[in-house]
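This report concerns only the one structure given below.
The values are calculated or read from the model by the stated rules, or taken from the named source; none is laboratory data. Computed from a prediction, not measured in an experiment: that's the story for all the values here. For neighbour counting, all protein chains shown are included, and Cβ atoms are generated from backbone atoms with ideal geometry for every residue, glycine included. Ligands, DNA and RNA are excluded from the accessible area calculation, which covers all protein heavy atoms including side chains. Shrake-Rupley method; radii C 1.70, N 1.55, O 1.52, S 1.80 Å.
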Amino acid sequence: MQQNSKEITALLTLIDDPDEDVFGTVAEKLLHYGREIIPNLEQLWEVTIDESVQERIEFLIHRVHFQDLQQEFFEWSHSKNPELLRGAILIAKYQFPDLHIPSILSQFDQIRRNIWLELNSYLTPLEQVNVFNSILYNYYKMQGHELTEREPKYFFINQVLESKQGNAYSLGILYLSLCELLDIPIFAVDIPRQFVFAYIDTLHHFLSPPDEVVQQTQFYIDPMNGMVYTQKDVDAYLRKINARDRDNYFTPLLSKRIIYKMLEELNLCYKYKREEEKAEEIQQLMNILVDNRGE
């Protein structure tokens, strides 16, 4: 430990070296220490006057956080049943590495309880969705923004819960995660250029063998505002855009696929804003999921 402390002190004195190659070597060695180096870097930042050196320190702190985040994404993607809400929290940690996760979970649970109190087993599927929509969009006043606005803040679940404003993915993940906990069979489906949900009932037909079930889509939901669409509406949309491979569009999406698509849109946001370094880092997170999607 004493040896580590001496090496860290020596490395920190070289952060302001004008030679980029020297800084590159120093950075690599400091990053090897992981999170334990952050307090040292923050302390150094506070006593540093030179802005270019401050930027180097900020770069190193960010790299440490990003290394951790990559590891968390790897572990999440390898877990048996990756939780959708956890995936959204990891995306928020990209921008807010010190995110207070218990606060997010507490706010989420409060919404869940409010919906649960209004639900009962006698409600029809449409009535269940009306309860959901009433709580989310009327009581909590959640407001949807188009993805074309290219605003990164609408992707981060902590900001969505605070500002009550999000996009199809952030509001959608909130919606889907609540449905999962409340045993409501609503799933995201892969309709082209849209992020919409299907209410899929599992029916047991009396003429079918006992173990054979029939899945029937009752209707579709837009997570931006809770609007409900019929199968006829969706079919008309698919004809309008000349969509092929129609059957593929109605298979429920897995959590990893949803998070991948969300990262894909966030990547486009950063590219649109010409924040190429951020776009590249989001691409690296996407690559972790691609390698482990099993698709």
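Brief remarks follow.
- Note on the chain: Lys pairs 8 or more places apart or on different chains, Cα atoms under 22 Å apart, count 25.
- DSSP-loop trypsin sites (Lys or Arg not before Pro) across the range 129-199, with at most 10 other Cβ within 10 angstrom: 141, 193
- Annotation for the range 82-155: GluC sites (Glu not before Pro) lying in DSSP loop with at most 15 further Cβ atoms inside 10 Å of their Cβ are 83, 146.
- Percent accessible area from carbon and sulfur atoms, the range 32-146, protein chains only, probe 1.4 Å: 51
- Probe 1.4 Å, all protein chains present, accessible-area order of 239, 274, largest first: 274, 239
- For the chain, a simple Cβ point-charge model (Lys and Arg +1, Asp and Glu -1, everything else neutral) yields a dipole of about 1180 debye relative to the Cα centre.
- With the convex hull of the Cα atoms taken as the outline of the chain, the averaged projected area works out to 20.2 nm².
- Per residue solvent-accessible surface (Å²) - the range 73-143, probe of 1.4 Å: 57
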